[in-house]
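Presented below is the structure to which this report refers.
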Protein chains: 2
Amino acid sequence: MTNPATIEDVARLAEVSIATVSRAIHYPEKVAKSTRQRVNQAIAITGYTTNAMARSLRMGRSNMILVLAPDISDPNFSSILIGLENEARANGYGVLIGHTQNDAERALEYLKFVSSGQAAGLVLFTGHQPFGHEASVERLPPAVAVFEPVFNSSISFVGVDDQAGGRKAAEHLLAAGHRHIAFIGDSKTRLAYQRRRQGYEAAMDAARIPPQQRTVLAGDGSIESGRLCVEQLFMRDTLPTAFMCVNDATAIGVLNGLTARGYDIPREFSVIGFDDIPQATYVKPALTTIRQPRSTIGKKAISLLLTSLEDSQTPPQEVLILPDLIVRGSVS
Amino acid sequence: MTNPATIEDVARLAEVSIATVSRAIHYPEKVAKSTRQRVNQAIAITGYTTNAMARSLRMGRSNMILVLAPDISDPNFSSILIGLENEARANGYGVLIGHTQNDAERALEYLKFVSSGQAAGLVLFTGHQPFGHEASVERLPPAVAVFEPVFNSSISFVGVDDQAGGRKAAEHLLAAGHRHIAFIGDSKTRLAYQRRRQGYEAAMDAARIPPQQRTVLAGDGSIESGRLCVEQLFMRDTLPTAFMCVNDATAIGVLNGLTARGYDIPREFSVIGFDDIPQATYVKPALTTIRQPRSTIGKKAISLLLTSLEDSQTPPQEVLILPDLIVRGSVS
DNA sequence: TTGTATGCGTTATCAG
DNA sequence: CTGATAACGCATACAA
């Protein structure tokens, strides 16, 4: 319960100045072997640990990276996070998570956290700027977005090539013989989803499926919205034979809706998702989907962030990773 | 991209001393109205924001709370977190998350983070001490554990009354007429699970079910372990008619195992879980379970932490909340 | 090789 | 009501 030892305690015990202690820690070769030993001993005795805050204040830079997430329960989040953490750790950085709950005010507080130097850089998991108003954008700390690009900004992005992935999904359905493929979960606001749809359209174009044979339903990426889309479709005359869903959650909703109506998947309908979240394995039938290379994304994001930390002149980049198709049981 | 404004910039612009600026911010009534206005104006112009790091260094206390989680993707985590965040925010604190991945070294780094003053207190989501070795335990910052008590320590705990919950679950099965109830997911290391089992035993005792009619299988709380337990049970002569699972994940595994063998739930077997995670609703049949009052837990945990922050003499407490039974479709 | 002194941005104490 | 100034714990330029 006593206060943590400071560098001064160590100095006193080792009978040297605090400068020497600091040097013994950061430049061991610049201090005589005998004094170095005394210092190390004193450190061991006192249990001294350098006060990260004071250090950051003095150096004007911390060794923490802040990850901003609107929703930590997003199944995509945790595995990307692990990729981030491992790479950060390998480079001497720690990772902190700020949960914004999609709330601008919270985001702003976290932003202050980093601009007051408590974190060196930012990883954004959200698809939008983390600021209430677009004020003070010029004071934005080094940042990189993952999973979903930041709309209309010059922030670097590391993620999956959504368009290529969308195309791959659609082509898989096409190759299975489907001609009438519905796109479920279209979004006006989420860039990643729009790109997936572009991939769908491109594949349909290439297969010479006329636009009037394409069905596109809007959604918000939730399980519930997938189920709802199925209901909507059953109000119509013509039904698709396959569902290409904007993400796995939507696909699970579609699966639920379909089986609730007594249909047998994949015999009567085919369904494909996107992301490959853990749940995709447990659902019945197991979901055929496009896999997010999550740990790769995390890794690349950190190394990108670190280089722009070293050299603030680095121009923003977009790193797109080609996703793989994971064939399971929901397509025939 | 210019450096953030400091208190000195504001002072210069308002033509006052930095002391006055600080006062105008923290004790507005102690400064003349006219100067106060000048200062506020200068603040607005410069976009000044007090540097949290310098402030914390000077004050020896920050307004951040660090939440340590071994596994972000734990479905129990996110909703407790929201409770924590809301209550913290209402009291002027921010919340940061440290993801330990159950790794002692990572935990240690986060611990340094708080002992260097970058966070005022700690919320533990894990069931064990967050230290490599139990060294320096006396220097432990104010902390409170949620969801799972910290084994063998004097850290305050806020969570569900696991024993009462376990008993409630068993009694529900008993009331449905079951006599042979298996307990799935026994654990030697996790205190919360042990308590749930004690509740089970208590209920069985009260119903005068002899110990030899009780079946207890070990598990680790995962979906997979639930499925495995079912396999094990089918190697035996006598089968239970009901499964009381240590948590929902295990229960879902049991459900999967049972339906994979072609059984109809709840007609042929009954299953009850514990936690009420979101997935419990989506599984078929929907899971009858014991609900964790998650946002209440979060709220109480923070207020407990804050009081022990004000007055470090507060003795450790154990706050146990009575959980409710949620009846859905997996018990008959 | 080591020590002294300064400053990072704040808050708080003490005079004026 | 306001201003100088010390201190928080550390790293480093400069002097010795």
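The values are calculated or read from the model by the stated rules, or taken from the named source; none is laboratory data. This one's a predicted model, so the numbers in the text were calculated from it and none came from an experiment. Here the Cβ positions follow ideal geometry from the backbone for every residue, glycine too, while neighbour counts run over all protein chains shown.
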Please identify the pairs in which a residue from region A:182-194 that is within 18 Å of A:VAL158 (Cβ to Cβ) has its Cβ atom under 6 Å from the Cβ atom of a residue that is in a helix (DSSP H, G or I), counting only partners at least 6 apart or on another chain.
A:ALA192/A:ASP162
Mind listing just one residue for me: the one in region A:26-55 that is under 26 Å from B:GLN118 (Cα atoms) and small (Gly, Ala, Ser) and, of those, surrounded by the fewest Cβ atoms within 10 Å (Cβ to Cβ)?
A:ALA44
When restricted to A:ILE97, A:ILE80, A:ILE65, the only residue within 9 Å of chain B (Cβ to nearest Cβ), under 17 Å from A:THR126 (Cβ atoms) and touching a helix residue (DSSP H, G or I) at 6+ places or on another chain (Cβ under 9 Å) is A:ILE97
Which residue is nearest to B:LEU140 (Cα to Cα), if the candidates are limited to region A:25-42 and must be within 8 Å of DNA strand D (Cβ to nearest atom) and part of a helix (DSSP H, G or I)?
A:ILE25
Residue check: is B:ILE72 away from DNA strand D (no atom under 12 Å from the Cβ) and away from every other protein chain (no Cβ under 12 Å)?
no
I want to confirm something. Restricting to region A:252-297 and keeping residues that are farther than 19 Å from A:PHE234 by Cα and among the hydrophobic types (A, V, I, L, M, F, W, C), which single residue is modelled with the lowest pLDDT?
A:VAL283
Which of the residues belonging to region A:33-52 are at the interface with chain B (Cβ under 9 Å from one of its Cβ atoms) and in contact (Cβ under 8 Å) with a residue 40 or more places away in the chain?
A:GLY47, A:THR49, A:THR50, A:ASN51
Restricting attention to region B:170-221, the residues that are among the charged types (D, E, K, R) and under 21 Å from B:PHE234 (Cβ atoms) number exactly 4
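Looking at B:ALA90, is it free of Cβ contacts under 8 Å to residues at least 24 places away in the same chain, among the hydrophobic types (A, V, I, L, M, F, W, C), surrounded by fewer than 17 Cβ atoms within 10 Å (Cβ to Cβ) and more than 9 Å from DNA strand C (Cβ to nearest atom)?
yes
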Selection within region B:4-24 - among the hydrophobic types (A, V, I, L, M, F, W, C), closer than 21 Å to A:GLY60 by Cβ and within 11 Å of DNA strand D (Cβ to nearest atom):
B:ILE7, B:ALA11, B:ILE18
Considering only residues that are within 9 Å of chain A (Cβ to nearest Cβ) and under 15 Å from A:GLY94 (Cβ atoms), which ones fall in region B:110-125?
B:TYR110, B:LYS112, B:PHE113, B:SER115, B:SER116, B:GLN118
In the set A:SER17, A:SER22, A:SER62, which member is under 17 Å from A:LEU305 (Cβ atoms), of a type in the set (S, T, N, Q) and within 16 Å of DNA strand C (Cβ to nearest atom)?
A:SER62
For region B:56-69 the number of residues that are buried (at least 18 other Cβ atoms within 10 Å of the Cβ) and assigned to a helix (DSSP H, G or I) is 2
Condition check for B:SER56: polar (S, T, N, Q), closer than 21 Å to A:MET53 by Cα and within 10 Å of another protein chain (Cβ to nearest Cβ)
yes
